[in-house]
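Enquirer: Here it is: the structure, laid out below.
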2 protein chains.
Amino acid sequence: MGDVDRRRALAQQFRVDSVRCAAAAKSGHPTSGMSAADLMAVLVDGYLHYDFDNPDAPTNDRLIFSKGHASTLLYAIFRAAGAISDEELLTYRQYGSMLEGHPTPLIPWVDVATGSLGQGLPFGVGMALAGKRLDRLPYRIWVLCGDSEMAEGSMWEAFEHAAFYELDNLTAIIDVNRLGQRGETMHGWDLSSYTRRAESYGWAVIEIDGHDLDAIDRAYEEATSIDRRPTVIVARTIKGKGVKEVENKEGWHGKPLDDPDAAIAELGGITNLVIEVAKPDPGEPHRFETTGLELPRYEVGSEVATRKAYGEALSAVGAARGDVVALDGEVGNSTFAEIFGKAHPDRYFEMYIAEQQMVAAAVGLQARNYKPFGSTFAAFLSRAYDFVRMAAISRATLYLAGSHAGISIGEDGPSQMALEDIASMRAVHGSTVLHPCDGNQTAKLVAGMPDLTGIVFLRTLRPNTPVIYGADEEFPIGGSRVLRSSEEDEVTLVGCGVTVHEALKAADALAGEGITARVIDCYSLKPIDGATLADAAEATGRIVTAEDHWPEGGLGEAVLAALASAEAQAHVVRLAVTEMPRSGKPEQLLSVAGIDAQGIAATARRLVRTQVTAS
Amino acid sequence: MGDVDRRRALAQQFRVDSVRCAAAAKSGHPTSGMSAADLMAVLVDGYLHYDFDNPDAPTNDRLIFSKGHASTLLYAIFRAAGAISDEELLTYRQYGSMLEGHPTPLIPWVDVATGSLGQGLPFGVGMALAGKRLDRLPYRIWVLCGDSEMAEGSMWEAFEHAAFYELDNLTAIIDVNRLGQRGETMHGWDLSSYTRRAESYGWAVIEIDGHDLDAIDRAYEEATSIDRRPTVIVARTIKGKGVKEVENKEGWHGKPLDDPDAAIAELGGITNLVIEVAKPDPGEPHRFETTGLELPRYEVGSEVATRKAYGEALSAVGAARGDVVALDGEVGNSTFAEIFGKAHPDRYFEMYIAEQQMVAAAVGLQARNYKPFGSTFAAFLSRAYDFVRMAAISRATLYLAGSHAGISIGEDGPSQMALEDIASMRAVHGSTVLHPCDGNQTAKLVAGMPDLTGIVFLRTLRPNTPVIYGADEEFPIGGSRVLRSSEEDEVTLVGCGVTVHEALKAADALAGEGITARVIDCYSLKPIDGATLADAAEATGRIVTAEDHWPEGGLGEAVLAALASAEAQAHVVRLAVTEMPRSGKPEQLLSVAGIDAQGIAATARRLVRTQVTAS
């Protein structure tokens, strides 16, 4: 069988398998797989280099289905490649099967979860960066994109960055099947609308009929030969191609076919073609030279901003570990990621003001075994929240540092103040949420971060804060620090970040009035130190939490949840930012919000005195 | 004084005032205002139509500083227009001043808060849509954009949608001053990079020297004459223009000048020019015809998905209120927003898969007094989280409906499951979070939504659920429904959405074992019905919460917070989704997560029996 005949047969098999999967599951998106079947048949038969027996091989190409709903097509490829059996293919979408509705890395040959549209290509940018700049290996990243998802701005962030970084190892394939979920896309079959945009960003563009196997072949050939520019293949296709009942018809998105047997017959019946996907040449990734770890050390009693300590510590960690890389959203002089950038320019990526692409690139980099630290103002990580959510589904390990937390930033005003970041980051599956209050604590937490898995969020402060911990102290994840404690404690003050210092001052003030207060630095918000909090509840019966954050989902609720889990009872009063903050001096704003020393002390005093009176 | 001389003097005054503001505040971004001073001088002197005495005038043009950090320039305009005094100008960034670090609608002449970059232009798209499609008035939207923020994908979502909707009443002005916060932007002074992109999206583009007053004038003249296309003026400017010490130099972003007096002298000294900004012709917005409100009514015992009830109720509300408009992210056949779209096509906006632009357009529409309902899968609202956060700072009132909540969606898998939406939406200032469990409850909540202010989030379900409430029952915001209650209640089961039905089944099962359970439908998660929960805590001492959401920041923590605020004590066990869900049937997934009737009953049983044994 010649190339074209074999590929034609393979594409039909992919279509048949898409129909079969959806029929077995009684759900799924077979028509979305059918449009791209020819594109993928030529790719896996002629261009993809991938060792299915060794998905971790460093020289493997990477194939990303940015249109993750076309998963039946991807799984059909796996069957044709001999990676899964026909029986396993038909477990599609059944409970316990790794072949879920949208691909996730539960599957050994999938690196990143997709299904939220507009993310696969940005992830691919991260992998392509790894290939060109870090691994320095000739593997190629192939990304199958849907036409509907081109409406997501994140796709154009990817176009921008891929061109800027000259990622000629990246090929995007847009499956322009004209039909979105509810009808025609904005541009239908006007391929030129995609072409014009892609060219304007500096990409090489090849327009083809996505069902013309020769044209597809020539397009891949050309794409692999273009230097210093990424390539996009804009392919006109027909949704549901091959089955007249559904071809190019509205109303068939995300639905199994009415008569799968007839459709399979129309497509030529079930076949069992096996393809030998070309294996890549062997190769090993570049290794960056390292030295020992010399963390910054701050003198107790001096002052430093935790964001500055972040930058200095990260730079030190980067010297000790060649797998640590950093990305920043054009605010490296504020997050202090620039310190890493100056020390390790080969491992620093300026992502400009494109937080979605920054987080997505981190996801791609970690899929290539790097330890990415991404930073911007914590408020602006909210821009990439869907990417963080999906990163958890990718079972990704990455490190996000959000600076300028809370109202303590002062004059810049509420748009720059992260006040929802603890809540949103706690609500990411498997996340770790850390909020240090001083320089040495920050340095130690940063040093430990690369050993953590999952999404790790470190919240740092704009203003300088006093150094209260020695440089050799340890801060385990899930721990806390009891800063003041005695057997007479009548109330516990719990803070994190800037409010730790306010709580300490409050305790001093209370001590002057004869009220002894326990003070806990809850630097690890998730996991949280339930045992220490439960001890405090039992010992003092009264707890005041204070946080530079909205009341919902932050420190206060985390403490309540920890106490509930420990079955500990206490009278808990939560202080937080409850009114929309204004511009002003940090100390003014902390005072107005009632989370400064005076506010904390007043609440503690009321709590102690009221209950004494009541008893 | 001729036009050019007057405008030159005005621009210098704007620069001087920018320097003065930052000097007084000891912070701010004077150099970012100085680059755009000429652009704004010509605009306000020759093209803006705005009645500063009547900012609500329906025919006023709208001026948005998408580069919100250039606020000193905006405030300088206000002074020149006689809207604020010199004394007030110098309150910039001081606590209590409305002239905050970044503009907010605390200022009568500001419609939307900016400061998170990449948002002003998308807001402008919403306002321009209002002008063309709803108000049908000839006002114009002017948006001053920074060059750095062009890296945000959201800007290109705005380009895409503005062209698609032929918004020739929208003019963007890109202040290409070459320098971002930490150095040069990706494209520096390569104006053509912006021009190529904008043209590829179908905009009219005019490249100019942004300090050439004649060229600026011609550009505005041309922009106001172009039909059916939005226009972008790409202006080459110099950051810090007019003061040699800082002109076009790195390291001067977001900093007051070292020697403001010398800079003011170099700029020509303090002046007090007053401009007569042209007032718009009077006019009244179009009114849409309305009829009475006829909400859908579902028969008790029948089944309907709450997302379907949302669409039907919204359509009914739209018939009764001409100010209600709807937007959807290309999933209107899943969210059922399409029912509204078919009934009220003039007030329905397809935003394709661009959730950021969808929410931003809603912000713009509400600034023009409409009541926008934006819908997509709740999981994908996470894409627009920064826009929701900023909408709260805009003091915006808008309604977001997120469908396909939680694992009850089943086979599509985790990428489509909202499991962090309650947490993230609760942590938005002033938000309301609602999660109905049946069709009639949904309809009543939707009917009441247009009377609420702030960000209102309604979470709806994919699967059908039983109708348990009569069509005439009322569901006040901040309320709950006690579905089972007796004096012998030993435990309280609290659910919302799908878990209400599971809790009811659990109560039935427990009743068969002689355990009487109170059941509360906590449909209003924020504000939450603390009094009813406190009563239940007192009456039963034991509470089981069950939610189709991660454990953090959702129903369980909201209940704990409500109890803590009410100083009520109970043994609370929170059931939630704790492991990354898989594809599977909804009932399988609910069971595996332990939030189905069996899981709830088992926990309640253990709680009752353990404590009975212990006492």
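Enquirer: Among the listed residues A:ALA223, A:ALA198, identify the single one that is at pLDDT 95 or above and closer than 30 Å to B:PHE349 by Cβ.
Expert: After ruling out the rest, the residue left standing is A:ALA198.
Enquirer: Right, next: Take the residues in the stretch B:544-556 that are closer than 19 Å to A:GLU552 by Cβ and not charged (D, E, K, R), then tell me which one is farthest from the other protein chains (Cβ to nearest Cβ).
Expert: For the stretch B:544-556, the residue satisfying everything is B:LEU555.
Enquirer: Now for a different question. Could you please find all residues in the stretch B:331-349 being under 25 Å from B:ARG136 (Cα atoms) and more than 10 Å from every other protein chain (Cβ to nearest Cβ)?
Expert: B:ILE339, B:PHE340, B:LYS342, B:ALA343, B:HIS344, B:PRO345, B:ASP346, B:ARG347, B:TYR348, B:PHE349
Enquirer: Looking only at the stretch A:383-407, count every residue that is in a helix (DSSP H, G or I) and surrounded by 24 or more Cβ atoms within 10 Å (Cβ to Cβ) and tell me the total.
Expert: Qualifying residue count for the region: 11.
Enquirer: Any residue that is touching an Asp or Glu at 6+ places or on another chain (Cβ under 7 Å) and basic (Lys, Arg) - is there at least one of those in the stretch A:110-132?
Expert: no
Enquirer: Can you tell me how many residues within the stretch B:189-232 are within 14 Å of chain A (Cβ to nearest Cβ), free of Cβ contacts under 8 Å to residues at least 24 places away in the same chain and either under 30 Å from B:ALA9 (Cβ atoms) or outside any loop (DSSP other than H, G, I, E, B) (or both)?
Expert: So the count comes out to 5.
Enquirer: Answer yes if at least one residue in the stretch B:72-80 is in contact with a Lys or Arg (Cβ under 9 Å, 6 or more places away or on another chain) and within 14 Å of chain A (Cβ to nearest Cβ), and no otherwise.
Expert: Looking for residues that are in contact with a Lys or Arg (Cβ under 9 Å, 6 or more places away or on another chain) and within 14 Å of chain A (Cβ to nearest Cβ), one finds at least one in the stretch B:72-80, hence yes.
Enquirer: Further question on the same structure: What's the total number of residues in the stretch A:430-464 that are in contact with an Asp or Glu (Cβ under 8 Å, 6 or more places away or on another chain) and surrounded by fewer than 24 Cβ atoms within 10 Å (Cβ to Cβ)?
Expert: Of the residues in the stretch A:430-464, 3 are in contact with an Asp or Glu (Cβ under 8 Å, 6 or more places away or on another chain) and surrounded by fewer than 24 Cβ atoms within 10 Å (Cβ to Cβ).
Enquirer: Can you name every residue in the stretch A:465-477 that is under 18 Å from A:ILE422 (Cβ atoms) and either buried (at least 21 other Cβ atoms within 10 Å of the Cβ) or touching an Asp or Glu at 6+ places or on another chain (Cβ under 6 Å) (or both)?
Expert: A:THR465, A:PHE475, listed by residue number.
Enquirer: So which of A:LEU129, A:LEU144 ends up being at negative phi, away from every other protein chain (no Cβ under 14 Å), under 22 Å from the mean Cα position of the chain (by Cα) and part of a helix (DSSP H, G or I)?
Expert: Unique residue meeting the criteria: A:LEU129.
Enquirer: I've got another one for you. Assuming A:SER97 fulfils every condition listed in (1) within 14 Å of chain B (Cβ to nearest Cβ); (2) touching a residue at least 12 places away in the same chain (Cβ under 8 Å) apart from one, which condition is it?
Expert: (2)
Enquirer: Here is a further query. In the stretch A:178-192, what residues are over 29 Å from the mean Cα position of the chain (by Cα) and not hydrophobic (A, V, I, L, M, F, W, C)?
Expert: Across the stretch A:178-192, the qualifying residues are A:ARG178, A:GLY183, A:GLU184, A:HIS187, A:GLY188, A:ASP190, A:SER192.
Enquirer: Still on this structure, please answer the following. Within the set of pairs 6 or more residues apart or between chains, which connect a residue that is surrounded by fewer than 21 Cβ atoms within 10 Å (Cβ to Cβ) inside the stretch B:1-23 to a residue that is among the polar types (S, T, N, Q) with Cβ atoms less than 9 Å apart?
Expert: Short answer, once both residue conditions are applied: B:ALA9/B:THR271.
Enquirer: Specify which of the listed residues (A:PHE340, A:PHE380) is more than 27 Å from A:LEU117 (Cβ to Cβ), of a type in the set (Phe, Trp, Tyr), part of a helix (DSSP H, G or I) and at pLDDT 95 or above.
Expert: Just a single option satisfies the conditions, and that option is A:PHE340.
Enquirer: What is the one condition in (1) more than 23 Å from A:GLU513 (Cβ to Cβ); (2) within 11 Å of another protein chain (Cβ to nearest Cβ) that A:ALA570 does not satisfy?
Expert: (1)
Enquirer: Then there is this: Could you check, for the stretch B:253-264, whether at least one of its residues is modelled with pLDDT of 95 or more, assigned to a loop (DSSP other than H, G, I, E, B) and loosely packed, with under 15 Cβ neighbours inside 10 Å?
Expert: Yes: one or more hits.
Enquirer: Could I ask something else about it? Here are some residues: A:GLY413, A:GLY406. Which one is under 21 Å from B:SER394 (Cα atoms) and touching a Pro at 6+ places or on another chain (Cβ under 8 Å)?
Expert: Criteria check complete, one pass: A:GLY413.
Enquirer: Going by what's in this entry, would A:GLU284 be described as of a type in the set (D, E, K, R), surrounded by 14 or more Cβ atoms within 10 Å (Cβ to Cβ) and modelled with pLDDT of 95 or more?
Expert: no
Enquirer: Sticking with this structure for a sec: For A:VAL559, state whether it is more than 8 Å from chain B (Cβ to nearest Cβ) and outside any helix (DSSP H, G or I).
Expert: Against the criterion (more than 8 Å from chain B (Cβ to nearest Cβ) and outside any helix (DSSP H, G or I)), A:VAL559 does not qualify.
Enquirer: Would you mind finding the one in B:ALA70, B:ALA76, B:ALA41, B:ALA83 that is surrounded by fewer than 24 Cβ atoms within 10 Å (Cβ to Cβ), touching a residue at least 12 places away in the same chain (Cβ under 8 Å) and under 22 Å from B:ILE270 (Cβ atoms)?
Expert: It is B:ALA83.
Enquirer: Quick check on the stretch B:305-330: of everything there that is away from every other protein chain (no Cβ under 12 Å) and among the charged types (D, E, K, R), which residue is nearest to B:PHE457 (Cα to Cα)?
Expert: Out of the qualifying residues, it is B:ARG307.
Enquirer: Also, quick follow-up: If we scan the stretch B:594-613, do we find a residue that is at pLDDT below 95, more than 27 Å from B:GLY478 (Cβ to Cβ) and within 11 Å of chain A (Cβ to nearest Cβ)?
Expert: Yes.
Enquirer: Continuing with this model, one more query. What residue, among those in the stretch B:147-188 that are in a loop (DSSP other than H, G, I, E, B) and under 22 Å from A:MET186 (Cα atoms), is nearest to the other protein chains (Cβ to nearest Cβ)?
Expert: Only one residue fits best here, namely B:GLU152.
Enquirer: Out of everything in the stretch A:100-126 that is away from chain B (no Cβ under 14 Å) and assigned to a loop (DSSP other than H, G, I, E, B), what residue ends up being surrounded by the fewest Cβ atoms within 10 Å (Cβ to Cβ)?
Expert: A:PRO108
Enquirer: Follow-up. Within the stretch A:388-406, restricting attention to residues that are β-branched (Val, Ile, Thr) and within 11 Å of chain B (Cβ to nearest Cβ), which residue is nearest to A:PRO551 (Cα to Cα)?
Expert: The selected residue is A:VAL388.
Enquirer: For the stretch B:350-373, check the following and say yes or no: at least one residue is within 14 Å of chain A (Cβ to nearest Cβ), surrounded by fewer than 24 Cβ atoms within 10 Å (Cβ to Cβ) and either in a helix (DSSP H, G or I) or in contact with a helix residue (DSSP H, G or I) (Cβ under 8 Å, 6 or more places away or on another chain) (or both).
Expert: Checked against the condition, which is being within 14 Å of chain A (Cβ to nearest Cβ), surrounded by fewer than 24 Cβ atoms within 10 Å (Cβ to Cβ) and either in a helix (DSSP H, G or I) or in contact with a helix residue (DSSP H, G or I) (Cβ under 8 Å, 6 or more places away or on another chain) (or both), the stretch B:350-373 yields at least one hit.
Enquirer: Is it fair to say A:LEU461 is of a type in the set (A, V, I, L, M) and touching a Pro at 6+ places or on another chain (Cβ under 9 Å)?
Expert: Answer is yes for this residue.
Enquirer: Quick one: which of A:VAL491, A:VAL467 is more than 18 Å from A:GLY599 (Cβ to Cβ) and of a type in the set (Val, Ile, Thr)?
Expert: Every option except A:VAL467 fails the conditions.
The values are calculated or read from the model by the stated rules, or taken from the named source; none is laboratory data. Every value quoted in this text rests on a predicted model; they were computed, and no experiment measured them. Cβ sites come from the backbone with ideal geometry, for glycine too, and all protein chains shown count toward neighbours.
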